[in-house]
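The values are calculated or read from the model by the stated rules, or taken from the named source; none is laboratory data. Bear in mind the structure is a predicted one, so any value in this text is a computation, not a measurement. No Cβ is skipped: glycine too gets one built from the backbone with ideal geometry, and neighbour counts run over all protein chains shown.
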Amino acid sequence: MKGRIAVVVMAALLVFYLVLVGWRAVLFIQSGDPVGILIGVALIVLPIIGAWALVREILFGARCERLVKQLEAEGELPVNDLPSRPSGRPYREAADAQFPQYREAVDAAPKDWRAWFRLGLAYDASGDRRRARAALRTAMSLEKSAA
């Protein structure tokens with residue numbers, strides 16, 4: 001729930017930022033000065049890129065949440081019994097010890113989105129966020145093509 005509240009707050013702040021920056025961009029463009037026009041265009045383009053990135057992350061999170069709920073309903077969500085730090089993150093050594101079983105499951109069934117999703121969770125537990133996101137994207141793609 002805290003994650004959703006943070007997303008709503010960040011989205012509201014982004015909209016507020018876009019309005020303020022948009023107003024400044026219009027003023028720069030209306031100045032007629034070539035440098036002012038260039039700054040005005042940049043002030044329009046850069047926030048649009050930021051908004052695109054935020055929307056993409058929100059969609060990624062929503063898709064992950066949907067797949068977690070589906071795995072949970074099927075009883076195939078891995079049990080998180082790893083010893084954890086006070087922050088809640090698992091100890092890397094313990095996560096690394098469980099990792100091979102998830103890698104082998106993907107090797108055995110490379111078209112199974114469930115195996116890829118569990119591999120993504122294993123990468124995340126091991127602290128490898130880049131590979132975790134790649135595995136989760138693969139899972140989403142496979143699940144979408146299977147539907």
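For every residue, the table says whether it meets (1) among the hydroxyl-bearing types (S, T, Y); (2) touching a Leu at 6+ places or on another chain (Cβ under 8 Å); (3) exposed (fewer than 11 other Cβ atoms within 10 Å of the Cβ).
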| residue | (1), (2), (3) |
| --- | --- |
| F16 | no, no, yes |
| R24 | no, yes, no |
| L38 | no, no, no |
| R56 | no, no, yes |
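What do you reckon, is L82 touching a helix residue (DSSP H, G or I) at 6+ places or on another chain (Cβ under 9 Å) and of a type outside the set (G, A, S)? It is true that L82 is touching a helix residue (DSSP H, G or I) at 6+ places or on another chain (Cβ under 9 Å) and of a type outside the set (G, A, S).
Checking each residue in segment 78-129 for being of a type in the set (S, T, Y) and crowded, with 17+ Cβ neighbours inside 10 Å picks out Y102, Y123, S126.
Within segment 93-104, residues that are closer than 14 Å to D128 by Cβ sit with their Cβ atoms under 8 Å from residues that are modelled with pLDDT under 85 and not aliphatic (A, V, I, L, M), at 6+ positions apart or across chains, in these pairs: A95/S126; A95/G127; D96/S126; F99/S126; Y102/P78. Contact map, segment 52-74: first residue under 24 Å from V15 (Cα atoms), second residue modelled with pLDDT of 90 or more, Cβ cut-off under 6 Å, separation 6 or more or different chains; pairs are R63/M140.
Cβ-Cβ contacts under 8 Å between residues 6 or more apart (or on different chains), taken from a first residue in segment 128-141 that is over 16 Å from R114 (Cβ atoms) to a second residue that is at pLDDT below 90, are listed as R129/Y123; R131/Y123.
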